[in-house]
Amino acid sequence: MGKPVNIHDGLYSQAKAYAVAERQTIAEQINLWAMVGKAGLDNPDLPTAFVRDLIVARRQNPELAKPFVPASTDQP
């Protein structure tokens, strides 16, 4: 469910331009930027472009996305 939020006019204009180019809604574009930003903060060792590409790929075909399961540190 969407929630109304106030954003700066400049950010809205940039999101609109990117959304048109990417054939998505302005809300989808802002959500993508938010997800990339959060994932980037959660994973500072990964390049931002890599994080973005993973999120976009997962959006395009969620069946191909598998959850990451870290290797156990208890291995001999």
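Derivation of every value follows stated rules applied to the coordinates shown; laboratory data play no part. Here the structure is a predicted model, which is why all the values come from computation and not from measurement. We place every Cβ from the backbone using ideal geometry, glycine too, and count neighbours over all the protein chains shown.
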(message) Please check: in the Gaussian network model of the chain (C-alpha springs, under 10 Å), which one of Val20, Val51, Val36 has the largest mean-square fluctuation.
(response) Val20
(request) Report, in deg cm²/dmol and to the nearest 500, the calculated mean residue ellipticity at 222 nm for the chain, where each DSSP H run with n ≥ 4 adds -39500 (n - 2.57) and the sum is divided by the residue count. (result) -19000 deg cm²/dmol
(request) About the Cα centre of the chain, how large is the charge dipole given +1 on each Lys and Arg Cβ and -1 on each Asp and Glu Cβ? Please answer in debye to the nearest 20. (result) 260 debye
(message) Of the candidates Lys16, Lys66, Lys38, which one comes out as most mobile in a Gaussian network treatment of the chain with C-alpha springs shorter than 10 Å?
(response) Lys66
(request) Taking Kirkwood radius over Cα pairs in Å as the quantity of interest, determine which of (1) 14.6; (2) 16.5; (3) 19.0 was computed from the displayed structure. (result) (1)
